[in-house]
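Readers should treat all values here as calculations from the given coordinates under stated rules, not as data from a laboratory. Remember, it's a predicted structure, so these values are computed and weren't measured experimentally. As a convention, Cβ positions derive from the backbone with ideal geometry for all residues, glycine included, and neighbour counts pool all protein chains shown.
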Amino acid sequence: MLRKLKIYFQLFPGKHGTDAERGVSGVDYTLKVDGRTVDQGKTAADGSVEVLVPAGQPAELVLLGTSYDLKIDNYLDAVGTVAGQQRRLSMLGYDVGTIDGQWGENSDRATLDFQGDEALDPDGAAGANTQNKLRSVFGE
């Protein structure tokens, strides 16, 4: 089964600034599965790369001389859990530190940044409004 991944390479986390100011655009990338090149292209204006990766097979994205191992998980912690919130924020480009299910300073700052970017009440708490917005922005 193929899974579509969209990965952002950004100069700065979050959504501040224009795509040209924020994203790493027009950079060559290569996708390898089991060591074979299966896709090549350039990052989009917003710094994103969208690739299809087979679940259960080792995949690697090579960009700017750096290799990124891609791992497809078949589940995502619920958005009502700290780990679920941390994972979503991290995948959206916010620095939560270690995704460990423990709420800390990095999680608080990432939540505040997300709330500010999404015009939510910036209280640093991942309550119902923030969780709903996370689901919406994340595409759930």
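Taking the listed residues Lys71, Lys133, the one that is farther than 21 Å from Arg3 by Cα and charged (D, E, K, R) is Lys133, with no other qualifying.
Taking (1) touching a strand residue (DSSP E or B) at 6+ places or on another chain (Cβ under 8 Å); (2) closer than 15 Å to Tyr8 by Cα in turn, Ser90 satisfies each apart from (1). Within the range 39-48, is there a residue that is buried (at least 16 other Cβ atoms within 10 Å of the Cβ) and of a type in the set (Lys, Arg)? The answer is no; no qualifying residue exists.
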